[in-house]
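Comments concern the structure below.
The values are calculated or read from the model by the stated rules, or taken from the named source; none is laboratory data. Everything numeric here is computed off the predicted structure, so don't read it as measured data. Every residue, glycine among them, receives a Cβ derived from its backbone with ideal geometry; neighbour counts consider all protein chains shown.
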Amino acid sequence: MKRIVISGGAGFIGSHLCERLLREGHNVVCLDNYFTGCRENIEHLLDDPNFELVEHDLIDPYHTEADEIYNLACPASPVYYQHDPIKTIKTSVLGAIHMLGMAKRNGARILQASTSEVYGDPQVHPQPESYWGNVNPIGLRACYDEGKRCAESLFFSYRMQHGLNVKIIRIFNTYGPKMNLEDGRVVSNFIVQALLGRPITIYGDGSQTRSFQYVDDLIEGMVRMMASPDDFLGPVNIGNPGEFTMLELAGLVIGLTGSGSHIEFKPLPEDDPHQRRPDITLAREHLGGWQPTVQLEEGLRKTIAYFEELLRKHGVRA
Ligand SMILES: NC(=O)c1ccc[n+]([C@@H]2O[C@H](COP(=O)([O-])OP(=O)(O)OC[C@H]3O[C@@H](n4cnc5c(N)ncnc54)[C@H](O)[C@@H]3O)[C@@H](O)[C@H]2O)c1
């Protein structure tokens, strides 16, 4: 049994990771300030004696014992990370320093949840880890993109200077149950709009593509990365290479929900990447043949069922 700290454990991805690691018999400490996460996501775990929930803001240091640390704390949706851009940078940078400090004191392994956003608006397609990216350092998304890029640098600096056992994954667009109802990311937006019979908003002409990874595939990749040999640090892309236009996604969601919603087009926001698709060769090679197994339609069905139930609970839908 390991003692595993998960920062951002009450969020969408973090709460799935808490469940998975508890199921494996580990002791899990969840650190969160509930900015975008919520107690509801992990409430069912509170009776488990192996689960500890600590309300903590990662911009302040925190000390506890740990064998492994997953650093996930950071708002991931543009609506939230742009709300207070300075705080977003502090969370990424100071949060990484504080978690790396904890790893150093404990001799723990530490994994950073980085992002495909480090590639910015990529000029190489699909994106391999060797691509250094095309990021606007002063744009609207910079607080998130550059914060995450700095965190990657910090992880490698702690490795070089202190020999820490670090791991970096670059997560591509992930969706699934437990996403925040008002998350603002495309999959949850489309599903909630369709279920409520509201217009489905597409920014731009809908021809821009994204890849969508179901959360279970990501969690499997994360756990395999943490268990990988010491000399494999990453960064490694974890995502689903299937590529869909926004129009295709909207069509699928309308079909699966049986919604009468129509599509409404709005201007494209600044620095919106045109295409994003992971090259997952490295993950396949180093993570025991890891690859996504959940098809978009299957993942969407599960996510739609979750949002239907959530909207019912909130009394917004019969
Ligand atoms: N979901 C995706 O598609 C995706 C893609 C790339 C990277 N990621 C990364 O994965 C991680 C988790 O993302 P998610 O989708 O679960 O988002 P999320 O917003 O649901 O989870 C983030 C969690 O971090 C917590 N948090 C934020 N600031 C904090 C602070 N200062 N101190 C303590 N806790 C704080 C939030 O309350 C929340 O519980 C993030 O680091 C994100 O950048 C996610």
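Yes/no matrix, rows are residues, columns are (1) near the ligand (Cβ under 7 Å from one of its atoms); (2) among the β-branched types (Val, Ile, Thr); (3) in contact with a Cys (Cβ under 7 Å, 6 or more places away or on another chain):
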| residue | (1), (2), (3) |
| --- | --- |
| Leu72 | yes, no, no |
| Pro85 | no, no, yes |
| Leu100 | no, no, no |
| Lys104 | no, no, no |
| Ala108 | no, no, no |
All conditions in (1) out of contact with any Pro (no Cβ under 7 Å at 6 or more places or on another chain); (2) more than 27 Å from Ser15 (Cβ to Cβ) are true of Glu264 except (1)
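Would a scan of the stretch 140-148 turn up a residue that is assigned to a strand (DSSP E or B) and either among the basic types (Lys, Arg) or closer than 27 Å to Leu282 by Cα (or both)?
no
State all residues of the stretch 217-228 that are among the acidic types (Asp, Glu) and closer than 19 Å to Val186 by Cβ; if no residue qualifies, say none.
Once the filter is applied, which keeps residues that are among the acidic types (Asp, Glu) and closer than 19 Å to Val186 by Cβ, the stretch 217-228 yields only Asp217.
For Leu111, state whether it is closer than 23 Å to Val5 by Cβ, aliphatic (A, V, I, L, M) and touching a strand residue (DSSP E or B) at 6+ places or on another chain (Cβ under 6 Å). Give the derivation first.
Details: closer than 23 Å to Val5 by Cβ: yes; aliphatic (A, V, I, L, M): yes; touching a strand residue (DSSP E or B) at 6+ places or on another chain (Cβ under 6 Å): yes.
Considered against the rule, which asks whether it is closer than 23 Å to Val5 by Cβ, aliphatic (A, V, I, L, M) and touching a strand residue (DSSP E or B) at 6+ places or on another chain (Cβ under 6 Å), Leu111 comes out as yes.
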Considering the stretch 31-89, residues that are in contact with a Pro (Cβ under 7 Å, 6 or more places away or on another chain) and of a type outside the set (Val, Ile, Thr), and then whichever is surrounded by the most Cβ atoms within 10 Å (Cβ to Cβ), we arrive at Tyr81
Of Glu129, Glu117, the only residue that is within 13 Å of the ligand (Cβ to nearest atom), under 26 Å from Arg224 (Cβ atoms) and out of contact with any Ser or Thr (no Cβ under 7 Å at 6 or more places or on another chain) is Glu117
Tell me yes or no: at least one residue of the stretch 191-209 is touching a Leu at 6+ places or on another chain (Cβ under 8 Å), modelled with pLDDT under 95 and within 11 Å of the ligand (Cβ to nearest atom). no
Flagged in the stretch 1-30 as more than 10 Å from the ligand (Cβ to nearest atom) and either surrounded by fewer than 15 Cβ atoms within 10 Å (Cβ to Cβ) or touching a residue at least 40 places away in the same chain (Cβ under 8 Å) (or both), in numbering order, are Met1, Lys2, Arg3, Ile4, Val5, Arg20, Leu21, Arg23, Glu24, Gly25
Within the stretch 132-164, the count of residues that are surrounded by fewer than 16 Cβ atoms within 10 Å (Cβ to Cβ) and in contact with a Phe, Trp or Tyr (Cβ under 8 Å, 6 or more places away or on another chain) comes to 1
Filter pass, Pro128 being within 19 Å of Thr209 (Cα to Cα) and either surrounded by fewer than 17 Cβ atoms within 10 Å (Cβ to Cβ) or aliphatic (A, V, I, L, M) (or both)
yes
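Rundown of residues vs (1) on the phi < 0 side of the Ramachandran plot; (2) of a type in the set (Lys, Arg); (3) more than 8 Å from the ligand (Cβ to nearest atom); (4) in contact with a Ser or Thr (Cβ under 9 Å, 6 or more places away or on another chain), yes/no style:
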position: Asp32; (1), (2), (3), (4): yes, no, no, yes
position: Thr36; (1), (2), (3), (4): yes, no, no, yes
position: Pro49; (1), (2), (3), (4): yes, no, yes, no
position: Glu52; (1), (2), (3), (4): yes, no, yes, yes
position: His63; (1), (2), (3), (4): yes, no, yes, no
position: Pro75; (1), (2), (3), (4): yes, no, no, yes
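Rundown of residues vs (1) of a type in the set (S, T, N, Q); (2) in a helix (DSSP H, G or I), yes/no style:
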{"position": "Pro177", "(1), (2)": "no, no"}
{"position": "Gly184", "(1), (2)": "no, no"}
{"position": "Ser188", "(1), (2)": "yes, yes"}
{"position": "Gly221", "(1), (2)": "no, yes"}
{"position": "Phe265", "(1), (2)": "no, no"}
Out of (1) exposed (fewer than 14 other Cβ atoms within 10 Å of the Cβ); (2) assigned to a helix (DSSP H, G or I); (3) touching a Leu at 6+ places or on another chain (Cβ under 8 Å), the one Val253 does not meet is (1)
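Would you mind finding the one in Leu268, Leu282, Leu311 that is in contact with a helix residue (DSSP H, G or I) (Cβ under 9 Å, 6 or more places away or on another chain) and in contact (Cβ under 8 Å) with a residue 12 or more places away in the chain?
Values: Leu268 fails: in contact with a helix residue (DSSP H, G or I) (Cβ under 9 Å, 6 or more places away or on another chain); Leu282 fails: in contact with a helix residue (DSSP H, G or I) (Cβ under 9 Å, 6 or more places away or on another chain).
Result of the check over Leu268, Leu282, Leu311: Leu311.
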